[in-house]
1. So, taking all protein chains as they sit and a 1.4 Å probe, how much accessible area belongs to B:E81, in Å² rounded to tens?
2. Can you give the accessible area buried between chains A and B, summed over both chains, with a 1.4 Å probe, in Å² to the nearest 100?
3. Distance between Cα centroids, the stretch B:343-383 to the stretch B:80-152: provide it in whole Å.
4. Taking chain B as a Gaussian network, Cα atoms linked when under 10 Å apart, which of B:K344, B:K85, B:K32 shows the biggest mean-square fluctuation?
5. Over the stretch A:291-376, consider all pairs of different Cα atoms and compute the Kirkwood hydrodynamic radius from their mean reciprocal separation; express it in Å, one decimal.
6. Where does helix B:242-251 land angle-wise versus the long Cα axis of chain B, in degrees 0 to 90, nearest 10?
7. Hey, can you grab everything whose amide H is under 5 Å from the amide H of A:A238? Only 5+ residues off in sequence or another chain; H modelled, so Pro and N-termini drop out.
8. With only Lys, Arg, Asp and Glu charged, each at its Cβ (+1 for the first two, -1 for the last two), find how big the charge dipole of the protein assembly as shown is about the Cα centre; round to the nearest 20 debye.
Protein chains: 2
Amino acid sequence: MTAVAPKVEKEEEQVVNPWEVSAGKGGIGYDKLVDQFGCQRLDAATIDRVARLTGRPPHRFLRRGLFFAHRDFNEILDLYEKGEKFYLYTGRGPSSESLHLGHLVPFMFTKYLQDAFKVPLVIQLTDDEKFLWKNLTVNESKRLARENAKDIIACGFDVEKTFMFSDFNFVGGAFYENMVKVARCVTYNKVVGIFGFSQEDHIRKISFPPVQAVPSFPSSFPHLFSGMEQLRCLIPCAIDQDPYFRMTRDVAPRIGCQKPSLTESRFFPALQGESTKMSASDPNSAIYVTDSEEEIKKVNKYAFSGGQDSAELQRELGANLEVDVPVKYLNFFLEDDDDLEQIKKGYGDGNLLTGKVKNLLGDVLSELVKRHTRARAQVTGDG
Amino acid sequence: MTAVAPKVEKEEEQVVNPWEVSAGKGGIGYDKLVDQFGCQRLDAATIDRVARLTGRPPHRFLRRGLFFAHRDFNEILDLYEKGEKFYLYTGRGPSSESLHLGHLVPFMFTKYLQDAFKVPLVIQLTDDEKFLWKNLTVNESKRLARENAKDIIACGFDVEKTFMFSDFNFVGGAFYENMVKVARCVTYNKVVGIFGFSQEDHIRKISFPPVQAVPSFPSSFPHLFSGMEQLRCLIPCAIDQDPYFRMTRDVAPRIGCQKPSLTESRFFPALQGESTKMSASDPNSAIYVTDSEEEIKKVNKYAFSGGQDSAELQRELGANLEVDVPVKYLNFFLEDDDDLEQIKKGYGDGNLLTGKVKNLLGDVLSELVKRHTRARAQVTGDG
């Protein structure tokens with residue numbers, strides 16, 4: 001009776017790793033992931049605690065369970081409660097000219113954390129990783145990193161407290177020492193177990209994980225954290241990055257470092273539905289932060305709808321919110337909880353039609369992109 | 001009838017790789033190595049050509065077949081003949097406080113090449129490698145690199161034309177870019193085939209070979225070779241380093257680089273005999289460049305002799321020069337060909353006794369070490 005997302009018929013295992021996210025039958029099983037990865041669920045008590053400690057309402061990504069899992073986030077809060085600081089680490093693999101909406105999610109959340117806790121932040125652009133996986137030239141990878149950096153700066157981080165670097169420009173010195181230390185603690189069998197490499201993979205793939213691991217250690221940044229080698233690190237990221245930090249947490253005590261803590265988000269779904277995450281390499285699956293108002297209208301064409309096929313049926317049966325992409329996007333980007341509830345109720349009841357919801361989403365996204373474009377123009381001096 | 005070196009009874013395969021040199025039955029089979037590695041023999045015509053092109057007699061290491069193999073050395077000579085330059089690259093893994101005599105061999109030969117061809121030289125100290133294999137701390141590895149650097153400088157390179165660096169201090173920028181490029185061209189299966197790694201080896205071992213590969217490419221040193229990215233490279237080294245450069249030569253054309261050429265030496269034997277090379281980690285097998293005159297007397301005690309057990313037998317039968325370590329050392333370090341022939345003849349005939357030959361060697365080594373000590377003291381300011 002209700003609309004369902006298109007699915008491959010045969011029973012498929014869900015695959016979630018830093019290079020592939022594909023759902024099994026019935027979408028991504030986030031509960032299963034938490035169990036499989038061995039991380040913890042982010043519960044209401046922890047979210048209340050964040051609100052209390054920071055004196056501000058929890059971010060909508062917390063309120064709505066979009067950041068839903070963590071590792072030792074409570075330890076960070078314990079320290080903060082005692083008056084100690086920590087630092088944030090997040091990053092991006094620059095694979096496309098500009099960010100899409102899904103890429104904004106960790107940066108938006110990281111900005112909130114930086115503002116709320118008033119802590120330093122390091123941002124890694126893994127141009128050396130994308131060079132590998134995307135078969136780019138070094139110069140093209142570096143160029144994409146620079147382009148992406150503009151979008152990231154446009155997110156509005158505290159410039160006094162933020163250090164952004166690309167691997168091709170920054171690897172060396174203490175950072176390289178830590179890469180070597182980490183790599184000495186991880187066997188080939190271990191990375192195969194964590195990342196699923198094959199013997200035909202080139203050795204750069206096998207040697208990359210330490211590069212993403214070491215920004216978790218303050219000693220990788222002596223110019224920022226000299227004398228603070230035991231400062232704790234909190235990493236906001238999507239849950240597909242968990243394998244890197246599982247490895248990092250395993251190695252940390254063996255090289256005299258603190259384990260990083262994590263807060264982990266759900267994936268931002270493709271326009272076509274939640275069976276995979278939005279991908280920058282498929283323009284029909286993604287909305288870019290540089291899309292024009294006209295281009296944002298691809299929502300109307302491509303966003304998978306949980307609404308019924310005709311207005312009559314919709315009024316009679318209502319939409320299936322579980323699979324509806326516009327509602328999922330509103331869940332990420334519409335700030336006001338009451339507005340969101342009203343839309344969901346009306347749409348689920350059948351009072352709101354699909355076209356109306358898509359238009360509402362279009363307005364929200366247009367506003368978001370317009371704000372981003374203005375901020376980006378200030379970064380590049382085009383504003 | 002003649003003395004023979006002590007040997008393991010069972011038939012053993014010879015193993016030669018950057019971390020292990022152990023002879024099969026009958027000592028290192030250099031001919032077999034040349035065939036197995038696929039390099040070329042350094043013939044008399046090439047040595048004559050070197051003499052002609054440089055206008056000076058060939059180094060004793062060439063005259064005596066101690067540098068005995070090469071890869072495309074003739075191409076370097078072709079270019080040189082046409083008036084083009086090249087650069088030299090050699091290095092050292094700093095595993096001990098000071099160099100032993102065997103370590104001096106590539107540096108002595110490199111100095112000769114630099115003087116004869118008047119070309120630039122880069123010297124890599126792989127402190128990041130020794131950190132791995134020897135289980136040192138980063139700081140201890142760096143300290144050993146600095147200590148070894150003093151011994152290397154004492155060899156007397158042209159300071160205007162020589163750049164020496166340690167990996168922990170230098171990796172980054174263009175050098176790191178080249179590491180990543182090389183690693184993208186080499187599969188796990190390939191390094192296992194070349195280096196024999198196991199799945200229980202840590203990933204740092206697997207990711208190290210590109211670090212030793214990239215000094216072969218001028219683009220790794222933009223501060224030296226900007227605009228000279230196609231400059232050819234000649235690597236003087238012991239033949240156990242061949243696997244690194246086999247890999248490098250395989251990758252080079254795929255990343256738009258020239259293949260490095262090599263000249264490859266025999267191993268400098270341990271005091272105990274030619275079944276293995278001199279090892280810095282066994283003080284009874286090695287003579288260090290910092291040994292005192294007293295310590296050099298370990299030659300008398302430990303150097304495996306091809307002489308007979310008694311003076312009578314020696315006079316009757318003569319020494320077996322094939323296995324005699326003092327003669328082998330004289331072969332490396334006694335400059336005068338006539339003197340060497342005279343000693344070999346007298347010793348082989350039985351006219352010279354073992355004690356006398358060992359004393360002659362002691363004199364040569366004392367002189368060598370004294371000269372080195374003086375040069376080193378000038379480097380450190382202790383002179």
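The values are calculated or read from the model by the stated rules, or taken from the named source; none is laboratory data. Predicted model, so just to flag it, every value in this text is computed and none were measured. As a convention, Cβ positions derive from the backbone with ideal geometry for all residues, glycine included, and neighbour counts pool all protein chains shown. Protein only, heavy atoms only, side chains kept; ligands, DNA and RNA dropped before computing areas. Shrake-Rupley method; radii C 1.70, N 1.55, O 1.52, S 1.80 Å.
1. Rounded to the nearest 10, the figure is 100 Å².
2. Working: alone 17310 and 17300 Å², together 31420 Å².
Buried area between the two chains comes out at roughly 3200 Å².
3. For the stretch B:343-383 versus the stretch B:80-152, the Cα centre distance is 23 Å.
4. In this elastic network of chain B, the residue with the biggest mean-square fluctuation among B:K344, B:K85, B:K32 is B:K32.
5. 13.1
6. Tilt relative to chain B: about 20 degrees.
7. A:S265
8. Values: 98 positive and 108 negative charges, 179 e Å.
The calculated dipole for the protein assembly as shown is roughly 860 debye.
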